[in-house]
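Here the structure is laid out as structure tokens; the discussion comes afterwards.
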Amino acid sequence: MKIKTLLAGVAAGAMIIGLSACSSGAGGGDSTSAAKGDGGLVGVAMPTKSSERWIQDGDAVKKQLEDAGYKVDLQYAEDDIPTQVSQIENMITKGAEALIVASIDGTTLTSVLQDAKDAKIPVIAYDRLIRDTENVDYYASFDNFKVGQQQAWSLLNGLGLTELDGTAKSGAPAGPFNIELFAGSPDDNNATFFFNGAMDVLQPYIDKKILVVGSGQTDFQQVATLRWDGEVAQSRMEDILTSTYSDGTKKVNGVLSPYDGLSRGIISALTDAGYTVGASWPIISGQDSELDSVKAINAGEQYATIFKDTRQLAKVAVDMATALLQGNTPETNNTKDYDNGKKVVPSFLLDSQIVVKDNIKEVLVDSGYWTEAEITG
Ligand code: GAL
């Protein structure tokens, strides 16, 4: 306890120094980031390196914080909850002045974030909302319900039913199309937002029997995929193909997948069951624009993904952290949708874009996210 009290004092002192450094150096709104920081430490906790996107997030946050004059302790927890808790505990012990956290399980950080609060360390939830605690100050993410809608729109678009923005196509086929549904990890707040957004779009088509969920599995709990694990999705897809489609009377026409890593598992299951890319290959959605999946879109294996620019997300989180460290109020654009069970967390939500084969260049290459060579190489 004594150590914590001491640390709290050190952290508070550091914040005061940061504040006075800022006010004496205030240059009238000049946003050049360099050298504004007080050289203090910011802790950045990321869930796992097993998914490419989090590596890009971590790299972008680290670089932007360093450019702004801060030191960074960037840690990955390989999807192990106790590891993430102890990494955050270590950041507090090392005297971090702010924490940026992409949680593994949004409900498991209550105790460690109480320690952060006791040490007066502000906490920013990164992409995934941290739940069940008062001690999360801001949330940087995307409009996650909309992301889910976009995933569903991409599926409908691939089936010839709508435009990419969800507008109904005239003369669209009547179906029925057989689809299967996948959702993300039940301990990730985003997973329900994605699924609810997608079902908001798909349910009317299911009600009209234009879409039929062949397996009958439509509840979030039935279709969720713990830890967003591609192998778990692959084996669930294998089970569905065996139980529902193996008598040869019908084929899967579309799969709602909320994340590229799951889409890749689903594609493997389909390939193993004898599906081949071509006319009767299903439409498969995704998310994150991971390189292997962008290649899969080019190859016609995956129909679409969602582009969430990790560089922009990093900028929002870094701007929030630096504002707090300089005694300013971070910019937010949503103060109603992200109730974490204890409070509505003020949020800044970015926009996302649907990527299909035709706009890969425009969305991903022209923005410098991937190079042409990376995609085709
Ligand atoms: C979610 C995130 C998605 C995807 C998924 C699996 O929280 O919003 O973009 O990355 O985790 O990592």
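The values are calculated or read from the model by the stated rules, or taken from the named source; none is laboratory data. Because the structure is predicted, anything quoted here is derived from the model rather than measured. Note that we place each Cβ from the backbone using ideal geometry, even for glycine, and neighbour counts take in every protein chain shown. Surface accessibility is based on the protein's heavy atoms, side chains included, excluding ligands, DNA and RNA. Shrake-Rupley method; radii C 1.70, N 1.55, O 1.52, S 1.80 Å.
Can you name the residue in segment 132-143 that is within 16 Å of the ligand (Cβ to nearest atom) and out of contact with any Lys or Arg (no Cβ under 6 Å at 6 or more places or on another chain) and is also farthest from Ile121 (Cα to Cα) among such residues?
Among residues in segment 132-143 that are within 16 Å of the ligand (Cβ to nearest atom) and out of contact with any Lys or Arg (no Cβ under 6 Å at 6 or more places or on another chain), the one farthest from Ile121 (Cα to Cα) is Asp143.
Give segment 100-145 a look and list any residue that's among the hydroxyl-bearing types (Ser, Thr, Tyr), in contact with a Ser or Thr (Cβ under 7 Å, 6 or more places away or on another chain) and under 18 Å from Ala77 (Cα atoms), or say none.
Thr110
If you go through segment 105-131, how many residues are among the hydrophobic types (A, V, I, L, M, F, W, C) and either in a helix (DSSP H, G or I) or away from the ligand (no atom under 16 Å from the Cβ) (or both)?
Number satisfying all stated conditions: 6.
Quick check on this structure: which one of Leu211, Leu226, Leu202 is touching a residue at least 40 places away in the same chain (Cβ under 8 Å) and surrounded by fewer than 16 Cβ atoms within 10 Å (Cβ to Cβ)?
Leu226
Say we look at segment 234-261 and pick out the residues that are free of Cβ contacts under 8 Å to residues at least 40 places away in the same chain and surrounded by fewer than 17 Cβ atoms within 10 Å (Cβ to Cβ); which of these is nearest to the ligand (Cβ to nearest atom)?
Ser235
Per-residue answers, yes or no, for (1) over 30 Å from Asp137 (Cα atoms); (2) in contact with a strand residue (DSSP E or B) (Cβ under 9 Å, 6 or more places away or on another chain); (3) surrounded by fewer than 21 Cβ atoms within 10 Å (Cβ to Cβ):
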position	(1), (2), (3)
Ala296	yes, yes, no
Ala321	no, yes, no
Asn333	no, yes, yes
Asp351	no, yes, yes
Val356	yes, yes, yes
Gly368	yes, no, yes
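Conditions (1) open to solvent by 20 Å² or more (accessible area, probe 1.4 Å); (2) modelled with pLDDT of 50 or more; (3) more than 16 Å from the ligand (Cβ to nearest atom); (4) within 16 Å of Val123 (Cβ to Cβ), marked per residue:
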| site | (1), (2), (3), (4) |
| --- | --- |
| Ala8 | no, no, yes, yes |
| Gly18 | no, no, yes, no |
| Ala26 | yes, no, yes, no |
| Gly29 | yes, no, yes, no |
| Lys36 | yes, yes, yes, no |
| Ser50 | yes, yes, no, no |
| Lys71 | yes, yes, yes, no |
| Ser103 | no, yes, no, yes |
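Going through Tyr259, Tyr245, Tyr303 one at a time, which residue ends up being aromatic (Phe, Trp, Tyr) and under 18 Å from the mean Cα position of the chain (by Cα)? If you could, list the steps in order and put the result at the bottom.
On the way: Tyr245 fails: under 18 Å from the mean Cα position of the chain (by Cα); Tyr303 fails: under 18 Å from the mean Cα position of the chain (by Cα).
Answer to the check: Tyr259.
If the requirement is being without any contact (Cβ under 8 Å) to a residue 40 or more places away in the chain and touching a Gly at 6+ places or on another chain (Cβ under 7 Å), which of these qualifies: Asp132, Asp67, Asp59, Asp73? Break it down stepwise before answering.
Numbers: Asp132 fails: without any contact (Cβ under 8 Å) to a residue 40 or more places away in the chain; Asp67 fails: touching a Gly at 6+ places or on another chain (Cβ under 7 Å); Asp59 fails: touching a Gly at 6+ places or on another chain (Cβ under 7 Å).
After applying the criteria, what remains is Asp73.
Can you run down the residue pairs with Cβ atoms below 7 Å, 6 or more apart or on separate chains, where the first is in segment 283-301 and closer than 23 Å to Asn144 by Cα and in a loop (DSSP other than H, G, I, E, B) and the partner is within 14 Å of the ligand (Cβ to nearest atom) and modelled with pLDDT under 95?
Here the result reads Asp288/Arg53; Glu290/Glu52; Glu290/Arg53, each pair linking segment 283-301 to a residue that is within 14 Å of the ligand (Cβ to nearest atom) and modelled with pLDDT under 95.
Within segment 144-182, can you find the residues that are within 11 Å of the ligand (Cβ to nearest atom) and either open to solvent by 10 Å² or more (accessible area, probe 1.4 Å) or small (Gly, Ala, Ser) (or both)?
Gly148
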